[in-house]
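The values are calculated or read from the model by the stated rules, or taken from the named source; none is laboratory data. If you're wondering where the values come from, they're calculated on a predicted model, not measured in any experiment. Heads up, the Cβs are rebuilt from the backbone with ideal geometry, glycines too, and the neighbour counts pull from every protein chain shown.
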Amino acid sequence: MAEFIDCSTVSIQYDTTGKATVSFVVVTDSASLGGTYTSLSFGGVSFVGVIMSVVQRPILGSGDGGGVGWFEWQMTLQGVGN
């Protein structure tokens, strides 16, 4: 199973209390996820938190002609970075 975070989709926002909201897309060749994504590192900052939203969509036209081959998972993690 292939699975990776599409780095071009990573967005990190902080509120006034320091809480981080990390949005990103995971691309996989399976209709299920292998990872939990509650602990991530970007640019030397480690984020730990809770996944608040997940939306799974097929990537149309990504199969071998027999249907969908890849899926994208839009995810949002809320937590803290250190």
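Taking the stretch 1-54 on its own, how many of its residues are of a type in the set (Phe, Trp, Tyr) and over 18 Å from Phe71 (Cα atoms)? Explain how you work it out, then say what you get.
Start the filter on the stretch 1-54 by keeping residues that are of a type in the set (Phe, Trp, Tyr), which leaves 4, 14, 24, 37, 42, 47.
Next, only the ones that are over 18 Å from Phe71 (Cα atoms) stay: 14, 42, 47.
Count: 3.
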task: Scan the stretch 46-75 for residues that are modelled with pLDDT under 95 and of a type in the set (Val, Ile, Thr) and jot them down.
output: Ile59, Val68
query: Can you name every residue in the stretch 23-54 that is within 17 Å of Gly81 (Cβ to Cβ) and not aliphatic (A, V, I, L, M)?
result: Ser23, Phe24, Tyr37, Thr38, Ser39, Ser41, Phe42, Gly43, Gly44, Ser46, Phe47, Gly49
- line: Screening Ser53, Ser46, Ser62, Ser23 for residues that are farther than 21 Å from Ala2 by Cβ, surrounded by 14 or more Cβ atoms within 10 Å (Cβ to Cβ) and either more than 10 Å from the chain's Cα centre (by Cα) or not hydrophobic (A, V, I, L, M, F, W, C) (or both) leaves only Ser23
- prompt: Looking only at residues in the stretch 29-41 that are at pLDDT 95 or above and surrounded by 14 or more Cβ atoms within 10 Å (Cβ to Cβ), which one is nearest to Thr76 (Cα to Cα)?
  reply: Tyr37
